[in-house]
């Protein structure tokens, strides 16, 4: 399911399959090789051999802010929206 690969081009890659979409988390070095950044790619098949890709570049100085915002968003969905939705369905 998930795969970790170390290559010369990508310092680290994590693949997550999620239904019709696949997400890639790639760590790359800057040209000077003194800094690192993450590329998050969403890949979705839109034909027999065609894929639609969207990329997000995340730089190390923003990691903590990004993770904090993502966690707050997931927490909100799980604790507020899903719980309220389940209460409405049960009523």
Can you find, within the range 23-52, the residue that is surrounded by the fewest Cβ atoms within 10 Å (Cβ to Cβ) among those that are modelled with pLDDT of 95 or more and farther than 22 Å from residue 63 by Cβ?
52
For the range 51-67 the number of residues that are within 14 Å of the chain's Cα centre (by Cα) and part of a helix (DSSP H, G or I) is 3
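The values are calculated or read from the model by the stated rules, or taken from the named source; none is laboratory data. Predicted model, so just to flag it, every value in this text is computed and none were measured. Note that we place each Cβ from the backbone using ideal geometry, even for glycine, and neighbour counts take in every protein chain shown.
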